[in-house]
Each structure stands twice: as C-alpha cells, then as structure tokens.
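Derivation of every value follows stated rules applied to the coordinates shown; laboratory data play no part. Remember, predicted model here, so these are calculated numbers, not experimental data. Heads up, the Cβs are rebuilt from the backbone with ideal geometry, glycines too, and the neighbour counts pull from every protein chain shown.
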C-alpha cells in the first residue's frame with residue numbers, strides 16, 4: 001500500500017486523510033467544517049486525526065462519528081475526552097444505512113465500514129446529499145469478492161502456491177487449525193463481513209468521480225491477514241523472502257489485468273474531476289471486474 005500512496009504524492013495513509021481534511025478547513029478558517037465518519041467503531045482514527053489537525057493549528061472542525069454499536073460509541077466518547085479532543089469528536093449511536101444528513105458536510109469518511117453494509121445505494125445517496133459538489137468522500141475499504149473470497153482467476157494461482165508452501169505457514173490462527181488445503185471461506189456468513197464487497201467499486205464509479213484512486217492487493221491478502229499472517233516472522237529472512245515472492249507475483253497478476261485489486265483507498269467527489277491521480281494504469285475502469 002505505502003509505495004503506491006507515495007507514488008501518488010502521499011507519505012502515509014494518515015497524511016492522505018489529513019491532506020483533504022485540512023484543505024477543507026483552510027478553505028475558510030472562519031467557518032466550522034463538519035466531517036461525518038460512517039461506522040466509526042471506537043473512533044481511534046477520528047481521535048488521531050483530530051489531534052493531528054490541532055497539532056497543525058487547525059481548530060475549525062467537528063467529526064460526527066456515526067456508529068451502530070452503543071459500547072463502541074461509549075469507548076469513542078471516553079477516548080476523545082482522554083485525548084482532549086472531545087469538542088472536536090462527537091459520537092452518536094446511528095444506523096449508517098438509514099442515516100440522512102441534516103447539514104452539509106465537508107467530508108465523509110468510510111474506513112473499513114462499507115463492506116459490512118447491505119444498502120450501499122442508500123448510503124451513497126446520503127453521502128452525495130451530505131457533500132454536495134464540493135465535499136470529499138474518503139474511502140478505505142475492501143472491494144474484492146463478497147465474503148472476502150477469491151474469484152476463480154485468483155483462486156487457481158493461490159491454490160498452486162498453497163500446494164508448494166511449507167506446512168508451517170498453513171496454520172490458521174483465527175480458527176486454531178491446520179489448513180493443508182486452502183479453504184476459500186465465505187466470511188459473510190457471520191456478521192455481514194464483506195457482505196457486498198464486490199459491489200462497492202461499481203457503485204462508487206456510478207455515484208462519484210475520483211480525485212485520487214489507489215487500489216492494491218489480491219492473492220497476497222491471504223498471507224498477511226489475521227488468519228495466516230502470524231505464521232511469518234518479519235525478522236526471519238526466509239519468511240520475508242516468501243512474502244516478497246507472493247507480493248511480487250500478485251503485483252504482476254494485477255498489472256496484467258489477470259486479477260483485480262481487493263483494496264481501495266480513494267478520495268471521491270460528486271462533481272467532475274479534470275485530472276485524477278491514479279497509481280500506474282490501475283484506474284477505476286481497469287480495476288473493475290467484468291462479471292462472468
């Protein structure tokens with residue numbers, strides 16, 4: 001992810017978000033700017049961004065953190081108070097799928113929340129209404145197959161790698177079991193995990209124009225996720241070499257259009273964008289998977 005963001009002019013993911021949020025605040029320092037965070041969880045991200053903005057001397061902003069889970073909302077409020085940004089981070093129990101904005105927002109953020117939602121069409125319509133022509137939609141999410149499964153064109157090379165991979169890399173730490181054969185598990189059967197992931201990018205393309213579009217990852221996901229990633233030690237040369245091998249292979253597959261990216265970091269708007277920033281030739285059109 002990081003080299004692709006850097007190629008597009010951003011030193012880190014935090015700097016990507018801060019660039020657009022600070023830009024909105026500095027457009028008129030005398031006016032309060034409102035940011036809606038959709039599915040904000042414990043508000044760790046929003047509190048961190050609020051602290052960073054204040055560290056840059058920016059004060060004219062408020063995050064409206066919208067989260068369905070009351071316990072997470074309470075933790076978010078507590079964290080904001082502890083980090084002394086309570087006046088900048090407001091949390092409320094909200095079902096994002098039925099949310100309708102009651103004011104204009106300079107930015108909406110969706111960070112790994114969209115792949116949990118069913119009614120994406122309603123959410124994107126609400127975001128368009130909230131942002132108008134000038135606001136920015138900051139997205140960081142999963143855009144692969146529903147349930148975070150591999151499509152057939154990615155599953156075949158993955159299974160080939162799996163057959164040749166040392167057994168010590170095949171322990172599933174989440175499920176506490178060995179998987180000598182790769183299981184193309186559908187995560188959406190529990191907790192709406194990736195329930196409409198494959199629809200996120202097509203619907204974004206239909207509803208918005210991208211100012212920045214950075215897509216990445218497919219086959220490599222399996223080797224660095226919470227299930228199998230802990231089998232690899234960053235201090236072990238062989239483990240590093242294996243991850244590098246899979247990552248470089250994955251990059252070649254994506255570059256050739258044989259598989260499509262499963263992750264997206266983007267800044268989008270409702271209006272036309274003259275010169276979008278895109279990593280290499282991996283444009284929204286290029287990254288769309290044509291249905292079978």
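Taking Rh as the Kirkwood radius, which is the inverse of the mean 1/r over Cα pairs, what is the Rg/Rh value for segment 166-292?
1.02
On a 0 to 90° scale, report how tilted helix 237-255 is relative to the longest principal axis of the chain, with both axes built from alpha carbons and the result rounded to the nearest 10.
On a 0 to 90 degree scale, this one is about 70.
If you scale each eigenvalue of the Cα gyration tensor by 5 and take the root, what three semi-axes come out for the chain, rounded to whole angstrom and sorted largest first?
Those come to 34, 21, 19 Å.
Using the eigenvalues of the Cα gyration tensor, what equivalent ellipsoid semi-axes result for segment 112-184 when each is taken as the square root of five times the eigenvalue, whole Å, largest first?
38, 13, 11
Beta carbons within 10 angstrom, averaged per residue: use that to sort the peptides 40-53, 161-174, 125-138, 185-198, highest first.
Those peptides, ordered most packed to least, come out 40-53, 125-138, 185-198, 161-174.
Tell me the relative contact order for the chain as a rounded percent, counting alpha carbon contacts under 8 Å between residues six or more apart.
18
May I ask what percent, to the nearest 5, of DSSP beta bridges between residues of the chain are antiparallel?
40
Once both axes come from the Cα atoms, what is the angle between helix 152-164 and the longest principal axis of the chain, in degrees from 0 to 90, rounded to 10?
Rounded to the nearest ten degrees, it is 50.
Neighbour counts of other C-beta atoms within 10 Å: give me 91, 26 arranged from fewest to most.
Result, fewest neighbours first: 26, 91.
In nm², what is the average projected area of the convex hull enclosing the Cα atoms of segment 167-235?
The Cα convex hull of segment 167-235, projected and averaged over all directions, gives 6.8 nm².
Considering the Cα trace of segment 69-191, what is its radius of gyration and what is Dmax, both in angstroms?
Just the Cα atoms of segment 69-191 yield Rg and Dmax of 19.9, 55 Å.
Find the Rg to Rh ratio for segment 1-64, where Rh is the Kirkwood radius over alpha-carbon pairs and Rg uses the same atoms.
Computed over Cα atoms, the ratio is 0.99.
Return the distance in nm (one decimal) between the two label points of a simple spin-label model at residue 68 and residue 14, each offset 7 Å from Cα along Cα→Cβ.
Distance between label points: 3.0 nm.
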